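Here is the structure we will look at, set down as structure tokens.
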Amino acid sequence: MKNTYLTWLNAHLTKIWPYVDEAASELIMANLEPTIEQYRPMVLSFLSFSKFTLGTMAPKYTVARLIDRVSTVEDGGEGITMQLEMNWDGNPSIILDIKTRLGVGLLVQVKNIAFTGVLVELLLFVLQTKGVNFMI
């Protein structure tokens, strides 16, 4: 893929990141808190997030590769499968509020997270409506 595609993708991801951060943070907390409570050690009386945000730094896509062309999908459209490499050197603010059964309270904070990963995505391009093809 041309670098201009990734420049465009990264610029738009940066623009929408505050909204992605808010939605993803709420979703992550909603899914993690029941699991954390389920596996909370007996020596702790309380274990919960007091703050969870992914921060202001959006991930950056660094490499895009075309993996496969898809000519037949369920709705008759066409598409491609892409592999996108991503780096995220985030500045989250994740605070875990811990209280022991002895009454000792602790705050554990995560301020920096970094990871590199690969996203594989199927992109469908053609939508057929009344015999007319539209590019998506």
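Any read-out appearing in this document is the output of simple, stated calculations on the displayed coordinates, not a laboratory observation. Note that the structure is predicted; figures quoted are calculated from it, not measured. Cβ placement follows ideal geometry from the backbone for every residue including glycine, while neighbour counts extend to all protein chains displayed.
For a quick check: with amide H placed at 1.01 Å from N, whose amide H comes under 5 Å from Met57's, ignoring anything fewer than 5 positions away on the same chain?
For Met57, whose amide H was placed from the backbone, the distant partners under 5 Å are Asn91.
Please give the length that would be gained between Ala114 and Thr7 if that part of the chain were fully extended, namely 0.36 nm times their separation in residues minus their C-alpha to C-alpha distance (nm, one decimal).
This chain segment gains 36.5 nm when fully extended.
Near Lys99, which aspartates and glutamates are there with a Cα under 20 Å away, not counting those fewer than 8 places off in the same chain?
Glu33, Glu37
Between Leu27 and Glu85, what length in nm is gained on full extension when 0.36 nm per residue of separation is reduced by their alpha carbon distance?
Result: 18.5 nm gained on full extension.
If you count, for each residue, the other Cβ atoms within 10 Å and average over each peptide, how do 43-55, 8-20 line up from highest to lowest?
Per-residue Cβ counts within 10 Å, averaged per peptide and sorted highest first, yield 43-55, 8-20.
Aspartates and glutamates near Lys60 by alpha-carbon distance under 15 Å, same-chain residues fewer than 8 away left out - which ones?
Asp21, Glu85, Asp89
Can you list the residues, at least 5 places off or on another chain, whose amide H is less than 5 Å from the amide H of Val63, using H built in the peptide plane?
Amide H neighbours of Val63: Glu85.
Pop a pseudo-label 7 angstrom from the Cα along the beta-carbon direction at both Ser48 and Lys60 and give the gap in nm to one decimal.
For Ser48 paired with Lys60, the spin-label model returns 3.8 nm.
Can you compute 3J(HN,Hα) from phi for each residue in the range 112-119, using the Karplus curve 6.51 cos²θ - 1.76 cosθ + 1.60 with θ = phi - 60°, rounded to whole Hz and x for Gly and Pro?
9, 9, 9, 7, 10, x, 10, 10
Give the peptides 102-111, 28-37 in descending order of average Cβ contacts within 10 Å, highest first.
Packing proxy ranking, top to bottom: 28-37, 102-111.
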